[in-house]
Amino acid sequence: MANWDQELDASGLNCPLPILRAKKALAGLQSGQVLHVIATDPGSVKDFEAFAKQTGNELLESKEEGGKFHFLIKKA
Amino acid sequence: MADEQKKLAIIATKGTLDWAYPPFILASTAAALGYEAQIFFTFYGLQLLRKKLSLKVTSLGNPGMPMPMGMDKWFPVLFQALPGMEAMMTSMMKAKMKAKGVASVEELRTMCQEADVKLIACQMTVDLFDMDPSEFIDGIEFGGAATFFEFAGESDICLFI
């Protein structure tokens, strides 16, 4: 997995908390910095795609590893 | 920029624990996606604005509500009306939500306020039920149908919940 600037562990949280927490975390980052989100909610896979599409933040990577979902989001 | 921002208008009319979720989930998520969002609380929806929430859930009149041990299939409807059943169902629902990582209504409501979702209480309902405005959370506004349409008329999405 590529480098990231900040990590957000949203494991155990259900919709819409991973998205809301990610939005908050991104607000603290500079443009171009990358947020690494870890989630266990299976719905978050589609939700982070939709989040990226609508907010302009780029979803660099989305994968499942060790029963968890990992997302790399680059702040627009 | 402000004119390009999408708008979500919601009318929240229900005051039970289960129906408290859709307005707050949708408004907080919309705000995270960059929407300007507003919720107009009317009739029983005003229960969602109380400082101290005492929202309950009941299976009465709701055959679609799943219950543990398949009780929704065999437990007689009449028994569901017994004293204590509503409190029991409410605490079971809250425990289940916590176990599944679902946010509390308070938490989602706070997130809505932090994201500048405008919360408007229906003045007519407040008067109708003799509600005490000091029992509501801070930062809300009071208004009527025309206030709702001022924002809803410009909205991209408008929901009645």
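Quick notes on this one:
To keep it simple, each residue is scored yes or no on (1) more than 14 Å from every other protein chain (Cβ to nearest Cβ); (2) out of contact with any Pro (no Cβ under 6 Å at 6 or more places or on another chain); (3) closer than 21 Å to B:F142 by Cα.
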site: B:L8; (1), (2), (3): no, yes, yes
site: B:G15; (1), (2), (3): yes, yes, yes
site: B:A37; (1), (2), (3): no, yes, yes
site: B:F40; (1), (2), (3): yes, yes, yes
site: B:Y44; (1), (2), (3): yes, yes, yes
site: B:L55; (1), (2), (3): yes, yes, no
site: B:M65; (1), (2), (3): yes, yes, no
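- Of all residues in the stretch B:104-141, those satisfying the criterion of being hydrophobic (A, V, I, L, M, F, W, C) and either within 19 Å of B:A30 (Cβ to Cβ) or surrounded by fewer than 16 Cβ atoms within 10 Å (Cβ to Cβ) (or both) are B:V105, B:L108, B:M111, B:C112, B:A115, B:V117, B:L119, B:I120, B:M124, B:L128, B:F129, B:I140.
- Here A:V34 meets the list (1) under 27 Å from B:E4 (Cβ atoms); (2) within 10 Å of chain B (Cβ to nearest Cβ); (3) buried (at least 17 other Cβ atoms within 10 Å of the Cβ) almost entirely, failing just condition (2).
- Cross-chain or 6+ apart pairs with Cβ under 8 Å, the stretch A:50-76 first and touching a residue at least 12 places away in the same chain (Cβ under 8 Å), then assigned to a helix (DSSP H, G or I) and exposed (fewer than 14 other Cβ atoms within 10 Å of the Cβ): A:L59/A:E49; A:S62/A:E49
- Residues that are hydroxyl-bearing (S, T, Y), closer than 26 Å to A:K24 by Cβ and without any contact (Cβ under 8 Å) to a residue 24 or more places away in the chain number at least 1 in the following helices (runs of 4 or more DSSP H) confined to the stretch B:1-106: B:21-32.
- Taking residues in the stretch B:123-139 that are within 17 Å of B:A12 (Cβ to Cβ), and partners anywhere that are among the hydroxyl-bearing types (S, T, Y), the pairs with Cβ atoms closer than 8 Å and at least 6 places apart or on different chains are B:M124/B:T42; B:T125/B:T42; B:M131/B:T125.
- Members of the stretch A:8-24 found to be more than 11 Å from every other protein chain (Cβ to nearest Cβ) and over 9 Å from the mean Cα position of the chain (by Cα), listed by number: A:D9
- Counted as qualifying within chain A are the strands (runs of 3 or more DSSP E) with 1 or more residues that are within 28 Å of B:K98 (Cα to Cα) and of a type in the set (G, A, S), namely A:6-10, A:34-39, A:58-65.
Laboratory data are not the source of any read-out in this text; all were calculated from the coordinates shown. Model, not experiment: these values are computed from the prediction. Glycine gets a Cβ as well: all are built from the backbone with ideal geometry, and neighbour counts include every protein chain shown.
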